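Please read the structure below before turning to the comments.
The values are calculated or read from the model by the stated rules, or taken from the named source; none is laboratory data. From a predicted model like this one, the values you see are computed outputs, not experimental measurements. As a convention, Cβ positions derive from the backbone with ideal geometry for all residues, glycine included, and neighbour counts pool all protein chains shown. Remember, those area values only see protein heavy atoms, side chains included, never the ligands or the DNA or RNA. Shrake-Rupley method; radii C 1.70, N 1.55, O 1.52, S 1.80 Å.
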Amino acid sequence: MPQDGKAASRPVASSKLAVLRKHPIFCDLDPEALDQLCRYAKHATLKRGATIFSKGDPGTSMFAVISGTVKISTSSPDGRSAILNLISAGEIFGEIAVLDGQARTADATANTNCEIFIIDRREFVPFVKSQPALAMKFIELLCTRLRWTSEQVEQIILQNLPGRLANALLRLTEKHKLAPGGRTIAVTQQEISEMVGMTRESINKQLRVWADRKWVRLEHGAIVVLDAEPLQALAEAGSDASGD
């Protein structure tokens, strides 16, 4: 993976502190421990489409996103793809394989131009063992990931398209803590289709119905949620929801 070779520079060192200090997992570390973690973090810049790791790779590093979006996905031998998560600035990923020492469970790709921090497992695991409170926070993170995955499976099995799509849009707005007055989700219709397990054509048709009702606005490479209440009603109605 390309690295910019500037990890020792003052601006990068400063940004390490800023990113890690704001992260809910690392924010309670004492200054000395946070400084130690920053020394482990290496800075890298990635172009859109760059592979960060592939399913089955050894879990040698954990990552924190500084800017941009990382796509966590999987694919079938016949070329079908499913997006499991979109990781944004301030979030971490790759922690599962780092903590259990097993192979990667999915692919990670730069969904946009990205800046990331890379923390090697050989340094991170001993660090976590020396910080019991941090270990508990990672347990909480893994529980959150499991709940997210369980909800995705439940939606795909039990909900119809309107319910699935409404749920996905609402979860993305909540996940990225977007302002209520302008809930712009930087996601394409193809990406949404891979998240909810339906064709892009079906997604486009449903979104256009909602756009006519002024629930959403469609933009190039983005969807703006204008009225969350009817989407919430569809999401809560589940398999009984009607989008027509």
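Once every DSSP H run of n ≥ 4 in the chain is given -39500 (n - 2.57) and the sum is divided by its residues, what mean residue ellipticity at 222 nm do you get, rounded to the nearest 500 deg cm²/dmol? Before the final figure, lay out each step's value.
Values: 9 runs with 111 residues, N = 244.
When only DSSP H runs of four or more count, the value is -14000 deg cm²/dmol.
Given a 1.4 Å probe and heavy atoms of the protein chains only, how would you sort 139, 119, largest accessible area at the top?
Numbers: 139 90, 119 5 Å².
From most exposed to least exposed: 139, 119.
How big is the dipole moment of the chain about its Cα centre under a simple scheme where the beta carbon of each Lys and Arg is +1, that of each Asp and Glu is -1, and everything else is neutral? Debye, nearest 20, please.
Details: 30 positive and 28 negative charges, 123 e Å.
In debye, rounded to 20, the chain gives about 600.
Could you do me a favour and compute the accessible area per residue for the chain, 1.4 Å probe, result in Å²?
53 Å²
With every protein chain in place, what's the accessible area of residue 236 (1.4 Å probe, Å², nearest 10)?
Estimated to the nearest 10 Å², residue 236 gives 140 Å².
If you take Cα extents along the principal axes in Å from the coordinates, which of [x] 61, 36, 34; [y] 50, 50, 33; [z] 56, 39, 33 do you get?
[z]
Cut-off 10 angstrom, C-alpha nodes, Gaussian network model of the chain. Which of 170, 20, 146 fluctuates the most?
146
Choose one of 84, 73, 222: the residue whose Cα lies farthest towards the positive end of the charge dipole of segment 71-226 (beta-carbon charges +1 Lys, Arg; -1 Asp, Glu; about the Cα centre).
The residue sitting farthest along the positive end of the dipole is 222.
First measure r as the distance between the Cβ atoms of residue 57 and residue 214, then evaluate 1/(1 + (r/R0)^6) with R0 = 41 Å and state the FRET efficiency to the nearest 0.05. Don't skip to the answer; put the middle values down first.
Numbers: r = 45 Å, r/R0 = 1.10.
Efficiency at R0 = 41 Å is approximately 0.35.
Given H placed 1.01 Å from N in the peptide plane, which residues other than close sequence neighbours of residue 57 have an amide H under 5 Å from its amide H?
Long-range HN contacts for residue 57: 104.
Treating the angle as unsigned and between 0 and 90°, give the value, to the nearest 10°, between the Cα long axis of helix 10-22 and the longest Cα principal axis of the chain.
Taking Cα atoms only, the helix is inclined about 60 degrees.
Suppose the chain between residue 23 and residue 105 were pulled fully straight at 0.36 nm per residue; how much longer would it get relative to their current alpha carbon spacing? Could you put the intermediate results ahead of the total?
Details: separation 82, 0.36 × 82 = 29.52 nm, distance 2.36 nm.
Going from the current span to full extension adds 27.2 nm.
Mind putting a number on the dipole of segment 83-132 about its Cα centre? Charges go on the C-beta only, +1 for Lys and Arg and -1 for Asp and Glu, and I need it in Debye to the nearest 20.
Numbers: 4 positive and 7 negative charges, 34 e Å.
Result for segment 83-132 is approximately 160 debye, rounded to the nearest 20.
Accessible area of the chain with a 1.4 Å probe: how many percent of it is carbon plus sulfur?
Of all accessible area on the chain, carbon and sulfur atoms account for 53 percent.
So what is the relative contact order of segment 129-230, in percent, for Cα pairs below 8 Å that sit 6 or more residues apart?
Numbers: 84 pairs, mean separation 23.4, N = 102.
Reported as a whole number, the value is 23 percent.
At 1.4 Å probe size, with no ligands or nucleic acids counted, give the accessible surface of residue 27 in Å², nearest ten.
Counting only protein heavy atoms, the figure is 60 Å².
With only Lys, Arg, Asp and Glu charged, each at its Cβ (+1 for the first two, -1 for the last two), find how big the charge dipole of segment 43-147 is about the Cα centre; round to the nearest 20 debye.
Numbers: 12 positive and 10 negative charges, 24 e Å.
Charge dipole of segment 43-147: 120 debye, to the nearest 20.
Seen from all sides and averaged, what is the projected area of the convex hull of the Cα atoms in segment 36-156, in nm²? Walk me through the intermediate numbers first.
Working: hull surface 30.9 nm².
Its Cα hull, projected and averaged over all orientations, spans 7.7 nm².
Note the angle between two axes, namely the Cα long axis of helix 200-212 and the longest principal axis of the Cα atoms of the chain, as a number of degrees from 0 to 90, rounded to the nearest 10.
70 degrees
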